[in-house]
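The values are calculated or read from the model by the stated rules, or taken from the named source; none is laboratory data. Bear in mind the structure is a predicted one, so any value in this text is a computation, not a measurement. Methodologically, a virtual Cβ is constructed for each residue, glycine included, from the backbone with ideal geometry; neighbour enumeration extends over all protein chains shown.
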Amino acid sequence: MSNIQELENLSVQVRRDILRMVHKVNSGHPGGSLGCTEFFVTMFNSILDMKDTFDMDGKDEDLFFLSNGHISPVYYSVLARAGYFPVEELNTFRLIDSRLQGHPTTHEGLPGVRIASGSLGQGMSVAIGSALTKKLNNDNHLVFSLHGDGELQEGQNWEAIMFAAGNKVDNLIATIDLNGQQIDGATDDVLPMGNLKAKFEAFGWMVLEIENGNDLESVLKGMNKAKSLTGNGQPVCVLLNTVMGHGVDFMMHTHAWHGKAPNDEQLELGLSQNPETLGDY
Amino acid sequence: MKTYTNKGNKDTRSGFGAGLTELGNNNSEVVALCADLTGSLKMDEFQKQHPQRFFQVGIAEANMMGIAAGLTIGGKIPFTGTFANFSTGRVYDQIRQSIAYSGKNVKICASHAGVTLGEDGATHQILEDIGLMKMLPGMTVINTCDFNQTKAATLAIAEYHGPVYLRFGRPKVPNFTEEDQTFEIGKAVMLTEGTDVTIVATGHLVWEALEAAKSLDQAGISAEVINIHTIKPLDETAILDSVKKTKCVVTAEEHNYLGGLGESVARVLSKNNPVPQEFVATNDTFGESGTPEQLMDKYGLNSKAIQKAVKQVLNRK
């Protein structure tokens, strides 16, 4: 799928899914999910080269790892709508006996997920490991990962960032969701992280910025550009500028909706801003 | 009673190194990672022979555990190597989420466990690692007793699919088990048969238990010594069969009595056949600097301590 209108229709539907999932169980993380909708839609429909059926080893296909597991609603919606599992299963999000746990896990055997995430800061190491295995297996496919910006406060990331550059893991594209928000407020207020571009570059990465991570064309162009930078002896970092809560006006530009579900009225308002396109689950 | 011959003192970590070297040549999926302790873990030969399959991660154990988890995706069998302290407590959440909960086929190989690490002192002498690791759902926990058994265990865990914690140590200790033994995960090894008391030992304490059994035999006490190399899953049948006969047990381990082998045995007994039990283990304490022998003596982790515990448990029968 590369027609922008098709991706736009899917993005609107995914936003509806996110709102309905978290509303139903009155829990979950809509803010970061909405902000990363265009990224996920683009990745799973126009960037990742994936096999038709899921298997854990993922040989001869691109791999994707979600490190900031709390934005599981967008992950689940996009996986389901890409055919990994029935869309109706989105109804079971965070319910007992569901494969759609609050944070993604391999434990319940959900197709599309290759590592548990939720406790932050671990995904980049895992992505590096799988990228090393691809090299050992002479598999030319790429490994992609997504991380929150606040998540970079976890020290393990910097161990991984140092390792990836030092070991020329150049089949890895790590994207940082720069929405500037975390649970307790703006990242600049909670713990300022300074110039991330300069930091990644100082660690030896190639860095590419996507100015508007909520614009499908920019994401598509940026991620294709990132792919073209691989194989040059350096890992690639994409700094993806997004707006938390994008597409639902009252959820935008605030950390308030990081981990809070809308009430009935708020749900209706949010849905009215995102009219049904592909059909609700 | 059956006696065992010490074929010469050797360190268990060298058994791991020898096993890893053999795996390097026989199993192309085996890869190894080390956090700046290649010499201490005896991983140098693997590194030399298979540089493409060896990853030096530097002093960054959390990253090492995550990379190991990722390496399994695509079929590799990663063996991580560092001290027991840095293999467990330092990286517990990484092991918990990225390895255990994610069901990854990672072999966490931990040297310098317990007080026998010696002079470096308590910061490096973990006595809580068995407890930490056995509490993780799906984690297999192995603590081997000598060079030969450690080598055999290293080979065996590569054939088993699932996360494993393999614990071994630094000092040179008697090497008495068979060179070409088959290592069966989860299967206890009966070393000497006896009728008065069961001694269930793991790791460096197994040889001490055999020494204790010899002395006890001379004093007219017949001890049955069981080598529990796999603490989880525990060979409950072997323990229950033995205590049916002896009606009391002494557990012996180089670990805190809280969370160790002794507690696992106590759980099995209390559920199935409550009998008196004494614990040879550290008493909820940190270690300290000293020679391994001095520390084993001070913390009551040798043949003498086992004999004392046997006498106590016999009095409670």
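List of remarks:
- Boolean, A:Gly150 is more than 7 Å from chain B (Cβ to nearest Cβ) and crowded, with 24+ Cβ neighbours inside 10 Å: yes
- Being under 19 Å from the mean Cα position of the chain (by Cα) and more than 14 Å from chain B (Cβ to nearest Cβ) holds for only one residue in A:Leu95, A:Leu63, A:Leu7, and it is A:Leu7.
- Test: A:Ala127 is buried (at least 17 other Cβ atoms within 10 Å of the Cβ), in contact with a helix residue (DSSP H, G or I) (Cβ under 7 Å, 6 or more places away or on another chain), outside any loop (DSSP other than H, G, I, E, B) and at the interface with chain B (Cβ under 10 Å from one of its Cβ atoms): yes
- Scanning segment B:91-133 for residues that are touching a helix residue (DSSP H, G or I) at 6+ places or on another chain (Cβ under 9 Å), of a type in the set (Lys, Arg) and within 11 Å of chain A (Cβ to nearest Cβ) gives a single hit, B:Lys104.
- Filtered residue count, segment A:38-60, keeping only those that are in contact (Cβ under 8 Å) with a residue 24 or more places away in the chain and within 14 Å of chain B (Cβ to nearest Cβ): 5
- With respect to the conditions (1) touching a residue at least 60 places away in the same chain (Cβ under 8 Å); (2) touching a Lys or Arg at 6+ places or on another chain (Cβ under 8 Å); (3) surrounded by 18 or more Cβ atoms within 10 Å (Cβ to Cβ), A:Asn137 falls short on a single one, namely (3).
- Within segment B:20-30, the presence of at least one residue that is touching an Asp or Glu at 6+ places or on another chain (Cβ under 9 Å), within 14 Å of another protein chain (Cβ to nearest Cβ), over 29 Å from A:Gly69 (Cβ atoms) and in a loop (DSSP other than H, G, I, E, B) is confirmed.
- Identity of the residue in segment B:57-72, more than 7 Å from every other protein chain (Cβ to nearest Cβ) and either in a helix (DSSP H, G or I) or of a type in the set (A, V, I, L, M, F, W, C) (or both), that ends up farthest from B:Ile142 (Cα to Cα): B:Ile59
- Selection of first residues in segment B:1-22 that are in the same structural domain as B:Val164 (by TED's automatic domain parsing) and more than 19 Å from B:Ala113 (Cα to Cα) and of second residues that are acidic (Asp, Glu) and part of a helix (DSSP H, G or I), restricted to Cβ pairs under 9 Å at least 6 apart or on distinct chains, gives the following pairs, ordered by first then second residue: B:Thr21/B:Glu45.
- Under the condition of being surrounded by fewer than 19 Cβ atoms within 10 Å (Cβ to Cβ), at the interface with chain B (Cβ under 7 Å from one of its Cβ atoms) and touching a residue at least 40 places away in the same chain (Cβ under 8 Å), the residues counted in segment A:107-117 number 0.
- Residues within segment B:18-36 that are over 21 Å from B:Gly70 (Cα atoms) and touching a helix residue (DSSP H, G or I) at 6+ places or on another chain (Cβ under 8 Å), tallied: 5
- Spans of helices (runs of 4 or more DSSP H) in segment A:180-281 with at least 3 residues over 21 Å from A:Ser145 (Cβ atoms) and in contact with a Leu (Cβ under 8 Å, 6 or more places away or on another chain): A:264-272
- Hey, A:Asp52 at pLDDT below 95 and over 11 Å from the mean Cα position of the chain (by Cα) or not: yes
- The lone criterion from (1) free of Cβ contacts under 8 Å to residues at least 24 places away in the same chain; (2) within 14 Å of chain B (Cβ to nearest Cβ); (3) not hydrophobic (A, V, I, L, M, F, W, C) left unmet by A:Pro86 is number (2).
- Scanning segment B:263-301 for residues that are closer than 29 Å to B:Thr237 by Cβ and either touching a residue at least 60 places away in the same chain (Cβ under 8 Å) or of a type in the set (Ser, Thr, Tyr) (or both) gives B:Glu263, B:Ser264, B:Val265, B:Ser270, B:Val280, B:Thr282, B:Leu301.
- Filtering segment B:32-57 to residues that are of a type in the set (A, V, I, L, M, F, W, C) and free of Cβ contacts under 8 Å to residues at least 40 places away in the same chain leaves B:Met43, B:Phe46, B:Phe54, B:Phe55, B:Val57.
- Matching entry among B:Arg53, B:Arg13 (being surrounded by 15 or more Cβ atoms within 10 Å (Cβ to Cβ), over 24 Å from the mean Cα position of the chain (by Cα) and of a type in the set (Lys, Arg)): B:Arg53
Residue-by-condition table, conditions (1) among the polar types (S, T, N, Q); (2) modelled with pLDDT under 95; (3) under 27 Å from B:Ser111 (Cα atoms); (4) outside any helix (DSSP H, G or I):
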{"residue": "B:Leu240", "(1), (2), (3), (4)": "no, no, no, no"}
{"residue": "B:Val243", "(1), (2), (3), (4)": "no, no, no, no"}
{"residue": "B:Gly287", "(1), (2), (3), (4)": "no, no, yes, yes"}
{"residue": "B:Gly300", "(1), (2), (3), (4)": "no, no, yes, yes"}
{"residue": "B:Gln307", "(1), (2), (3), (4)": "yes, no, no, no"}
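- On inspection, B:Gly75 qualifies as within 13 Å of another protein chain (Cβ to nearest Cβ) and out of contact with any Phe, Trp or Tyr (no Cβ under 9 Å at 6 or more places or on another chain).
- Complete set of residues in segment B:166-208 that are touching a His at 6+ places or on another chain (Cβ under 8 Å) and basic (Lys, Arg): B:Arg170
- One residue from A:Pro73, A:Pro104 being within 11 Å of chain B (Cβ to nearest Cβ), under 17 Å from A:Ile18 (Cα atoms) and either buried (at least 18 other Cβ atoms within 10 Å of the Cβ) or among the hydrophobic types (A, V, I, L, M, F, W, C) (or both): A:Pro104
- Test: residue in segment A:147-158 that is in a strand (DSSP E or B), under 21 Å from A:Met244 (Cα atoms) and not acidic (Asp, Glu): yes
- Filtered by the rule that a residue be more than 30 Å from A:Lys260 (Cβ to Cβ) and not charged (D, E, K, R), segment A:14-70 gives A:Ser46, A:Ile47, A:Leu48, A:Met50, A:Thr53, A:Phe54, A:Met56, A:Gly58, A:Leu63.
- Of all the criteria given as (1) facing another protein chain (nearest Cβ under 9 Å); (2) under 18 Å from A:Gly123 (Cα atoms); (3) in contact with a Leu (Cβ under 9 Å, 6 or more places away or on another chain), the one not satisfied by B:Gln52 is (2).
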